Amino acid sequence: MSVPHHSNSSSSTSPTPSQPNTLTELMVTLLAPSLVLMQLSSPARLGALGALLLALALPLGWAAYTAWRERRFSWMAGLGVFSTLMTGGIGLLALDPQWLAVKEAAVPGVIGLVVAGSALSKKPLVHLLVFSPQLMDVPRIEAALTERKASAAFERSLRLGTLMLAGSFAFSSIMNYGLARWIVQSPAGSEAFNAELGRMNLLSWPVIVIPSTLLTMAVLFYLARSIRRLTGLTLEDCLRKQA
């Protein structure tokens, strides 16, 4: 979900933001920083401090470049910047490595609590993410739900989907903490700490990111099936027709 970018021009000739290259983003924000930490932290190269600063500069620079290129700044990008700065603070201040594990768990944990809390509101978070006028033909779906007297059942599905999404963040929080405690054992600010931090970043994808993504896809599949079952509409019918 992006922070709205205010512009004085609504002309159709406004440039369309280019789509980010996922492979390039992974290389700049994950692979390159991890390799810098693991390979350049020795005193004969950049040293622990120099390698840490360079590794932190890469994702921060990418976030700034993406925000400039797309003329917007997403809250997810902001969260990534905050997490990166927290990691840098732990390394630069040479704090106990357990604080890294706490930080790794806290970011998805707080998001999960916010998502779970939204299930108690009139508009659960999943409602905003999935049942969006920019994506879905909301009037048609609402009319079908009213006709079939399924509006209440649909709201229950949205709340359950929201809790399921919160569960995926809880899973990520627990796994982040366990992975950080398992791998990062050396004092912050040392060459060994940098190498362990790089290794943790690389392992986070197969251990945490991919399973969490699969859980999120399962939530979206559940919601899509609920919409189809309760409205009688196909997915194509539910999507907003582009002008």
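The values are calculated or read from the model by the stated rules, or taken from the named source; none is laboratory data. None of the values given here were measured: they were computed from a predicted structure. Every residue, glycine as well, gets a Cβ built from its backbone with ideal geometry; the counts of neighbours run over all protein chains shown. Heavy atoms of the whole protein, side chains included, go into the accessibility calculation; ligands, DNA and RNA do not. Shrake-Rupley method; radii C 1.70, N 1.55, O 1.52, S 1.80 Å.
At-a-glance table
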{"read-out": "Qualifying residue in the range 63-72 (condition: under 16 Å from the mean Cα position of the chain (by Cα), open to solvent by 20 Å² or more (accessible area, probe 1.4 Å) and under 24 Å from LEU197 (Cβ atoms))", "value": "yes"}
{"read-out": "Per-region count, the range 220-238, residues open to solvent by less than 70 Å² (accessible area, probe 1.4 Å), aliphatic (A, V, I, L, M) and either at pLDDT below 90 or outside any helix (DSSP H, G or I) (or both)", "value": "4"}
{"read-out": "Conditions (1) surrounded by 17 or more Cβ atoms within 10 Å (Cβ to Cβ); (2) at pLDDT 90 or above; (3) over 19 Å from PHE221 (Cα atoms): number failed by SER118", "value": "(2)"}
{"read-out": "Tally of residues being without any contact (Cβ under 8 Å) to a residue 40 or more places away in the chain and open to solvent by 80 Å² or more (accessible area, probe 1.4 Å) across the range 121-137", "value": "2"}
{"read-out": "Test set (1) within 30 Å of LEU40 (Cα to Cα); (2) open to solvent by less than 60 Å² (accessible area, probe 1.4 Å); (3) modelled with pLDDT of 90 or more - GLY189 fails condition number", "value": "(3)"}
{"read-out": "Of all residues in the range 142-172 being of a type in the set (Phe, Trp, Tyr) and open to solvent by less than 60 Å² (accessible area, probe 1.4 Å), the one that is modelled with the lowest pLDDT", "value": "PHE154"}
{"read-out": "Number of the exception - GLN134 against (1) over 30 Å from SER34 (Cα atoms); (2) at pLDDT 90 or above", "value": "(2)"}
{"read-out": "Hits in the range 173-186 - residues which are of a type outside the set (A, V, I, L, M, F, W, C) and crowded, with 20+ Cβ neighbours inside 10 Å", "value": "SER173, ASN176, TYR177"}
{"read-out": "Only one of LEU37, LEU56, LEU60, LEU49 that is open to solvent by less than 70 Å² (accessible area, probe 1.4 Å), in contact (Cβ under 8 Å) with a residue 60 or more places away in the chain, out of contact with any Phe, Trp or Tyr (no Cβ under 7 Å at 6 or more places or on another chain) and part of a helix (DSSP H, G or I)", "value": "LEU37"}
